[in-house]
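Enquirer: I'd like to ask you about the structure that follows.
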Amino acid sequence: MTRSHRTRNLVFVFLGVLVLLFKSSYTGPCAEIFYRYASNFSVSFAIYFIAQLGFYPLPYPKLISAAGALLAVELFELTNGFGVMLNFYDPWDYFANALGVGFALGIDLLINHSLEKNLMESNDGEKLS
């Protein structure tokens, strides 16, 4: 994992934490829904990128990170906060968790695709010179 990749992942973790910290300040459309599910979404999003830091050396790190993150957040819901934290049961939390991990995976794939495309274009430009 390159330093820029690690830094990018940490920035996304930080963004997920920011949403978690400032969700109560949101007053826009669908504020009640945002307030209820932003925590699940943002924590799941951040956990995917944390998992990327640990699973990178393994084959298929994105798939393993997504599965690991989803397993962690869904087990948190299922076990009522692992018996350590207070967690109010809401079946829609499972969906919000899956959306957070899916969104993180989608952004990760989109960025990688864009970087690979730019690299290929710059290599083609060098070959033509």
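Enquirer: Is it the case that ILE50 is surrounded by fewer than 18 Cβ atoms within 10 Å (Cβ to Cβ), in contact (Cβ under 8 Å) with a residue 12 or more places away in the chain and assigned to a helix (DSSP H, G or I)?
Expert: Working: surrounded by fewer than 18 Cβ atoms within 10 Å (Cβ to Cβ): no; in contact (Cβ under 8 Å) with a residue 12 or more places away in the chain: yes; assigned to a helix (DSSP H, G or I): yes.
So ILE50 does not fit the description; no.
Enquirer: Here's another thing I want to ask about it. Just wondering, is there one or more residues in the stretch 72-82 that are over 11 Å from the mean Cα position of the chain (by Cα), surrounded by fewer than 21 Cβ atoms within 10 Å (Cβ to Cβ) and closer than 15 Å to PHE12 by Cβ? Before the answer, list the steps.
Expert: Filtering the stretch 72-82 for residues over 11 Å from the mean Cα position of the chain (by Cα) gives 72-82.
Still in the running and surrounded by fewer than 21 Cβ atoms within 10 Å (Cβ to Cβ): 72, 74-82.
Restricting the remaining residues to those that are closer than 15 Å to PHE12 by Cβ gives none.
No, every residue in the stretch 72-82 fails to be over 11 Å from the mean Cα position of the chain (by Cα), surrounded by fewer than 21 Cβ atoms within 10 Å (Cβ to Cβ) and closer than 15 Å to PHE12 by Cβ.
Enquirer: Output the number of the condition that GLU32 fails; it satisfies all remaining conditions of (1) loosely packed, with under 12 Cβ neighbours inside 10 Å; (2) among the charged types (D, E, K, R); (3) at pLDDT below 90.
Expert: Among (1) loosely packed, with under 12 Cβ neighbours inside 10 Å; (2) among the charged types (D, E, K, R); (3) at pLDDT below 90, GLU32 violates only (3).
Enquirer: Based on this model, can you work out whether PHE88 counts as within 16 Å of LYS23 (Cβ to Cβ) and surrounded by fewer than 15 Cβ atoms within 10 Å (Cβ to Cβ)? It would help to see each step written out before you state the result.
Expert: Values: within 16 Å of LYS23 (Cβ to Cβ): yes; surrounded by fewer than 15 Cβ atoms within 10 Å (Cβ to Cβ): yes.
Criteria met by PHE88.
The values are calculated or read from the model by the stated rules, or taken from the named source; none is laboratory data. The model shown is predicted, which means the values in this text are computed figures rather than measured ones. Here Cβ is always computed from backbone atoms with ideal geometry, including for glycine, and neighbour counts include all displayed protein chains.
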